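What follows is a single structure, written as structure tokens, with notes after it.
The values are calculated or read from the model by the stated rules, or taken from the named source; none is laboratory data. The structure presented is a predicted model; accordingly, all values stated were derived computationally and were not measured. Don't worry about glycine lacking a Cβ; one is built from the backbone with ideal geometry, like all the others, and counts go over all protein chains shown.
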Amino acid sequence: MEYRPLGKTGFAVSRIGAGDVADRSLSRETCVQTLQRALANGVNLVDTAPGYEDGFSEEIVGDAVAQRRDSVFVISKIDDFALPLEVQLSASLDRLQMRYLDGYVYHGLSDLDTYASLCTRPDGFSALRDLKARGLVRAVGISSHHPDVLLQAMRDEQCDIMMFPVGPFVDARYLTEVLPEAKARGIGTVCFKTFGAGKLVTDTVGYGQPIIERPRGKRSAGVHASLGSQNVSVADCVHFTLTHDPDVALLGMSYPSEQDLVWDAYRSFIPKSAEQLTDTAVRAKIARQGKGPCWWNPNPDA
């Protein structure tokens, strides 16, 4: 696994990060072992949030990293923009069984008016920076599904880290404006939606099933006829994101089979040419047809 600085945080992170692995249909032990499997393969950045499986995700992360806490960069999120931050942080730390967080970000901050309010409210970004000054969090920022919010937050110098989409089916501004600007400013970039919530690589309208590749042009049994006629491969998606080069490509890897596909793609990675990237993006547009809105883009239905 290759490691590189996460912006100016002072932490060297793995190029591949692990997202939410909690699944209440599985035992807690199974979920913990799945995340530990990713950590054993070199992953050292893990993302979670209180709203993922109603706190279960944070509990899983806490158990999984307990014996290696100082070597793993753990990010959790602010899900409620009205509740005092210290109350939310305290609850997250209790579930995680931790004394501090490495990253603490506003979750899904994708509206400019809401962002502007948090900039002026005493319980907004100023309170978030206070948590950092007190040593309760190491880095602060936002997770967003809107380029305008991300660009404004950078201009306002509100973020040490940013989380946003980078993959074959994302609004072009994430790739052409947001990511280059963040790099130029030394902001850590943790990027998601490589697989388009699974829509690009398997027949699904969202989360809730493992990534299962199938031959292009083949239809899975029982899949609605409106779904796209071909999917792109896991390697296509991973190579697309790695070529654009965020600090971390945050991948779910919620099952061992998914992890193995990711490791295979990572080991075979060679940066793609502009023509190859365009080809992957064109095929991704076809693959996601009929699979519901892509909420991470300003126009989810485009």
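The table below lists the values:
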item	result
The one condition in (1) buried (at least 23 other Cβ atoms within 10 Å of the Cβ); (2) in a loop (DSSP other than H, G, I, E, B); (3) of a type outside the set (D, E, K, R) that residue 150 fails to fulfil	(2)
Considering residues of the stretch 71-80 that are out of contact with any Pro (no Cβ under 7 Å at 6 or more places or on another chain) and over 14 Å from residue 96 (Cβ atoms) only, the residue surrounded by the fewest Cβ atoms within 10 Å (Cβ to Cβ)	71
Residue pairs meeting the criteria (Cβ under 7 Å; at least 6 apart or on separate chains; first closer than 26 Å to residue 7 by Cα, in the stretch 221-246; second basic (Lys, Arg) and at pLDDT 50 or above)	239/272; 240/272; 242/15; 243/272
Unmet criterion (only one of (1) touching a residue at least 60 places away in the same chain (Cβ under 8 Å); (2) part of a loop (DSSP other than H, G, I, E, B); (3) of a type in the set (Asp, Glu)) for residue 102	(2)
Lone unmet requirement of (1) over 19 Å from residue 88 (Cβ atoms); (2) surrounded by 24 or more Cβ atoms within 10 Å (Cβ to Cβ); (3) touching a helix residue (DSSP H, G or I) at 6+ places or on another chain (Cβ under 7 Å) for residue 144	(1)
Check on residue 94, charged (D, E, K, R) and in contact with a Pro (Cβ under 7 Å, 6 or more places away or on another chain)	no
Single residue of 236, 260, 279, 301 found to be of a type outside the set (Gly, Ala, Ser), within 12 Å of residue 170 (Cα to Cα) and more than 16 Å from the chain's Cα centre (by Cα)	301
Condition check for residue 64: of a type in the set (A, V, I, L, M, F, W, C), crowded, with 21+ Cβ neighbours inside 10 Å, over 21 Å from residue 158 (Cβ atoms) and in contact (Cβ under 8 Å) with a residue 24 or more places away in the chain	yes
Lone qualifier among 96, 101, 89, 83 - being crowded, with 23+ Cβ neighbours inside 10 Å and over 18 Å from the mean Cα position of the chain (by Cα)	96
Where a residue in the stretch 274-298 is surrounded by fewer than 21 Cβ atoms within 10 Å (Cβ to Cβ) and its partner, wherever it lies, is assigned to a loop (DSSP other than H, G, I, E, B) and polar (S, T, N, Q), with Cβ under 6 Å and at least six apart	290/226
Extreme residue, nearest to residue 240 (Cα to Cα), among residues of the stretch 257-293 that are at pLDDT below 95 and assigned to a loop (DSSP other than H, G, I, E, B)	288
For residue 63: the one exception among (1) out of contact with any Gly (no Cβ under 8 Å at 6 or more places or on another chain); (2) more than 18 Å from residue 248 (Cα to Cα); (3) assigned to a loop (DSSP other than H, G, I, E, B)	(3)
